[in-house]
Structure formats: C-alpha cells, structure tokens
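The structure appears right after this line, and notes come after that.
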Amino acid sequence: MPQNAIGFVGLGNMGRPMAENLVQSGQDIIVYDAAGTETRAPQGARIADSTAALASMVDVIHLCVPDGRASEAIARDLRSATDRQTRLVVDHSTIGTEAAQRVHGFLADAGIEYVDAPVSGGVSGAVNATLAIMYSGSEHTFDQLRPTFEAMAGNVFRVGGEPGHGQAMKVLNNFLSGTAMAATAEAVAFGVRQGLDMKMILDVVNVSSGRNTATADKFPNRVVTGTYDAGFSSAQFVKDLRLYHDAARAIGASCPISPAVSDIWRSLDANEPDADIARIYTFVHSEDGD
Ligand code: NAD
C-alpha cells in the first residue's frame, strides 16, 4: 500500500535539507514556503500553493519556521482551511515553551494534534541527517513518527508528554551552548592577552576540566581557522536565550547567569548584525582592555 504523503512547511537553512532527507528516504513529500516554494523545494518533492492547500492533501505537516509568530500564523491558516485532512502538526521550530503551549491549545480546539519536536545539530546536522530531535507528546504518536524522525536525525528522544517539554529541552541546551561559547571567548581572550597561544590553550583545556562544546569544536574548527563559519547567527542565540530566560521567569526558576550571557550576544548582534556566532571571540577580544 502506498504511504501517505507528508507535508513540510519552511524550507530555510534547516527545513530544506530536512525535507530533502525525507525525499531521499523514499517518502512522498509535499512542501510549502511563504518566501517562494519552487526555488526552495528539494528535488523530488511535490509543491503546494499554500498552507491551506497543503492541509487538504496530507494528514501530517512538519514545520521548520523561524519563531512562534510563524508557527501561530500557520496554525491559524490550518484552523480556517476548508477540506482539511491534516490531523497532526509536528513543529521542529524553536519557539519556546509558552508559544508551544499556545499553539497546542489553539489547534486542539480544532481537533488537530500538535507536538513539539525541536532540533539541534545545526545546518550540518540537518544536511547529514544527524540532528537530535527532542519530541514531546504521546508515545503512540512518537511511535508513528519514529521512521520519519530517523530519516532526518541521528538521535531521537521523547523528552516528555506535555506541550512545551521539547521546547524546554531545546532552550536549556541552547542556553548551555551560548554560555559555553561566550565563556570560552572570554577565557581564550584572557589567555591570548597573557601571551599564550590560542591553539595551545584549546589543546590544554580539551584534556582538562574546562573542556566544553566551544573548546572541543567551535573554537578549533571555526575560530582558530579564521573562518568564523559555525553556521548559526548571533540573532538566533539572542532569540533562544530570550526564550530560555522568559520560560525560566514564568515558572520562577532561578536564572542568574542567563542575563549576562544574553547581554553579550545582544551586544555582538547590535555591533555586527546577524554575525556568525564564532565572531563572539573577535567581539570579546576587541572589547578587552578598556
Ligand atoms: P530560516 O530563516 O533559514 O528558514 C525559515 C523558513 O521558513 C524560511 O524559508 C521562511 O520563508 C519560512 N517561513 C517563515 N514563515 C512562514 C510561514 N508562515 N509559512 C511558510 N513558510 C514560512 O531558518 P532556519 O535556520 O531554517 O531555522 C528554522 C527553525 O529551526 C528556527 O526556529 C530555528 O531557531 C531552528 N533551528 C535552527 C538551527 C540552525 O542552525 N539554523 C539549528 C537548530 C534549530
């Protein structure tokens, strides 16, 4: 029996390669992007003219759009779509806990199930199908989605059952990642000003207790090389850190470190709009010695 087609909305840096991997896995994929679908669609995917048109063609729609506002706009389109066949929306976007809960409630009123399944691993993870997926929703739906997830990801987790649990996982991860990058920039700039060699600093830290994702990967591969091409923008970290901070404040969780980390990323983004996150090093180093 032929498999049902799957819908995919949002064909940007992440969504396009994710949809492409679904096509490669042999799935029948129908895609849509508000900025123009034909130029963004992976080869082999079918094209829909709108989210509403897609809703009349598929049971399940995956989203990978910039933020909560975009997910909400799509949810509104789905709710008002006539001839709707869609019964499940799987959101891979990073939108924060509150927006995920809102979209979940909004779609539930229309009889559409919404699960959050944000991703980590960057554009290279999306291209190589090695992403981590942080799903929250029922076990039943998780089992149904597993083959689709495994076509896009190397690590698939069911992190909880409540709407927003996947988002909580994602934003706490990005808080840690943003903190590691910012703290590593500060520590390396300090060492270099002391007269130490940057590569040597990283070699020592990477076999010592200060090792983290920035010292192990982003600094040796994106900063020492002078390429500053981690493929994630300061603006995205500003967004994700704000989502983390807002979610922490909303539940009264202690969050004394995130304001300082957010300030650094906001300053980089104001100084060099949409800078690659590897530029945090040149930014922190240039601020030194005032
Ligand atoms: P992007 O801006 O490159 O792509 C988003 C796409 O969504 C665009 O093509 C845009 O036209 C489309 N879009 C926006 N609103 C739409 C709507 N209402 N209907 C249809 N299409 C719409 O963003 P990205 O880098 O692909 O990131 C997508 C999501 O994944 C974000 O939430 C981001 O935080 C998250 N994310 C990104 C990375 C990364 O490294 N880029 C890593 C993990 C998670």
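Rule-based calculations on the coordinates, nothing more; no lab input. Please read these numbers as outputs of a predicted model, since none were measured by experiment. Every residue, glycine as well, gets a Cβ built from its backbone with ideal geometry; the counts of neighbours run over all protein chains shown.
For the chain, the membrane-span-like helix rule (DSSP H, alpha carbon extent of at least 20 Å along the helix axis, mean Kyte-Doolittle at least 0.0) picks out 165-193; this says nothing about an actual membrane.
A simple spin-label model places pseudo-atoms 7 Å from Cα toward Cβ; at residue 193 and residue 267 they are separated by 1.1 nm. Candidate cross-link partners of residue 239 among the aspartates and glutamates, defined by an alpha-carbon separation under 20 Å and a same-chain spacing of 8 or more, comprise 67, 72, 91, 98, 116, 229, 263, 269, 272, 274, 276. For residue 105, neighbours were defined as the other residues whose beta-carbon sits under 14 Å from its Cβ, and their charges (Lys and Arg +1, Asp and Glu -1) total -4. Taking amide H as placed 1.01 Å from N in the peptide plane, residue 6 has its amide H under 5 Å from the amide H of 28, 29, 30, each at least 5 places away in sequence or on another chain. Projected over all directions and averaged, the alpha-carbon convex hull of the chain occupies 16.4 nm².
Taking a ≥ b ≥ c as the square roots of the Cα gyration tensor eigenvalues, segment 193-233 comes out oblate, since a/c reaches at least 1.5 and a/b does not exceed b/c.
For residue 239, the shell of other residues with beta-carbons less than 12 Å away shows a net charge of -1, using +1 for Lys and Arg and -1 for Asp and Glu.
Bridges between two residues of the chain, per DSSP, are antiparallel at a rate of about 15%.
The Cα center of segment 153-199 and the Cα center of segment 1-76 differ in position by 29 Å.
DSSP beta bridges in segment 102-227, what fraction antiparallel, as a percent rounded to 5?
Roughly 35 percent of the beta bridges in segment 102-227 run antiparallel, per DSSP.
Need one word for segment 6-162: rounded, prolate or oblate. Basis is the Cα gyration tensor (sqrt eigenvalues a ≥ b ≥ c); a/c below 1.5 gives rounded, then a/b vs b/c decides. Taking the square roots of the gyration eigenvalues as a ≥ b ≥ c, segment 6-162 is rounded. From least to most packed, judged by other beta carbons within 10 angstrom and beginning with the fewest, 196, 243, 88 follow the order 196, 88, 243.
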